Amino acid sequence: MALLRAPVPLGYGHASKEAHSIAAPLLTGAALALAGVVAAADKDKKVFYWPGVSLLMLVATSMALLASIQLHYYSRQFLYSRQDIHDWYDLDDSPGHQAQVVELYEWQGDDYGKWERSNDWAVHCFNTGTVLLGLGVVTVLIPPDGGQQAFCRWLAAGLVLLCTVAEVAWTLAIYRKNTQLREERGAKLTAVAKPRENA
């Protein structure tokens, strides 16, 4: 018997693809561009309060997001459905193909496990990168002195920090909710799973 292996919720694989193949590259570019601005700032005119800390945060952001892209690329090759198996292989329900179908379904289950583990690491890297980006922007916005723009810069830094904290809280809430959903649906699938006739 080969149990069904699928993302929970079913659209999770597609959502992950959007985050790692679209959002992560854009955020990486933004972090590197901002790091370039900080690095190129005139040392005599103190524009940033903690330029070293800002650079460290922005470079760490870039590395975390790049790791999420690479891990996603690696993991994506292991996410495919049973229908993909039938699209690629000319298999039918004949007795001669039963053993091949069972073996391919087992491989799909094993490959799904590889996708799940690697993709979870990609998600952790992406979430870490977004938090580091928020904190990096906060360090860039902190005013170096009490000049005319200090109030606005402190306000902007506070707003970004508030949004970063909200991002952390939201991410943890979604993580808990998805973990609970996986456990509930996994238990239901295990309880009602019946072997396919050819499995």
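The values are calculated or read from the model by the stated rules, or taken from the named source; none is laboratory data. Computed from a predicted model, the values in this text were never measured in an experiment. FYI the Cβ positions are ideal-geometry reconstructions off the backbone, even for glycines, and counts take in every protein chain you see.
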Exercise for the section: Would you point out the residue of region 118-158, among those that are of a type in the set (S, T, N, Q) and in contact (Cβ under 8 Å) with a residue 60 or more places away in the chain, that is farthest from Leu71 (Cα to Cα)? Expected result: Thr139
Fill in the blank from the handout: How many residues of region 114-130 are of a type in the set (A, V, I, L, M, F, W, C) and under 13 Å from Leu172 (Cα atoms)? The answer is 1
Handout entry: Residue in region 1-20 that is surrounded by the fewest Cβ atoms within 10 Å (Cβ to Cβ), counting only those that are outside any loop (DSSP other than H, G, I, E, B) and among the aliphatic types (A, V, I, L, M)
Key = Ala15
Completion exercise
Of the residues in region 21-64 that are closer than 20 Å to Leu161 by Cβ and part of a loop (DSSP other than H, G, I, E, B), the one that is nearest to the chain's Cα centre (by Cα) is Trp50
Practice task
Go through (1) buried (at least 19 other Cβ atoms within 10 Å of the Cβ); (2) out of contact with any Cys (no Cβ under 9 Å at 6 or more places or on another chain); (3) under 22 Å from Cys125 (Cβ atoms) and name the single condition Leu71 misses.
Solution key: (2)
Completion exercise
For Gln77, the lone unmet condition from (1) over 21 Å from Ala19 (Cβ atoms); (2) loosely packed, with under 15 Cβ neighbours inside 10 Å is (1)
Exercise for the section: Could you identify the single residue in Ala6, Ala39 that is without any contact (Cβ under 8 Å) to a residue 24 or more places away in the chain, in contact with a helix residue (DSSP H, G or I) (Cβ under 9 Å, 6 or more places away or on another chain) and farther than 15 Å from Leu132 by Cα? Expected result: Ala39
Problem - Single match in Ala19, Ala64 (criterion: over 13 Å from Leu133 (Cβ atoms), small (Gly, Ala, Ser), touching a residue at least 60 places away in the same chain (Cβ under 8 Å) and in contact with a Phe, Trp or Tyr (Cβ under 8 Å, 6 or more places away or on another chain)) - result: Ala19
Practice task
Answer yes or no as to whether Gly146 is out of contact with any Pro (no Cβ under 9 Å at 6 or more places or on another chain), at pLDDT below 90 and under 30 Å from Lys45 (Cα atoms).
Solution key: yes
Handout entry: Number of the exception - Leu58 against (1) over 24 Å from His20 (Cα atoms); (2) touching a residue at least 60 places away in the same chain (Cβ under 8 Å)
Key = (1)
Exercise for the section: Just give me the residues in region 1-46 being under 30 Å from Gln149 (Cβ atoms), in contact with a Gly (Cβ under 9 Å, 6 or more places away or on another chain) and of a type in the set (Gly, Ala, Ser), in sequence order. Expected result: Ala31, Ala35
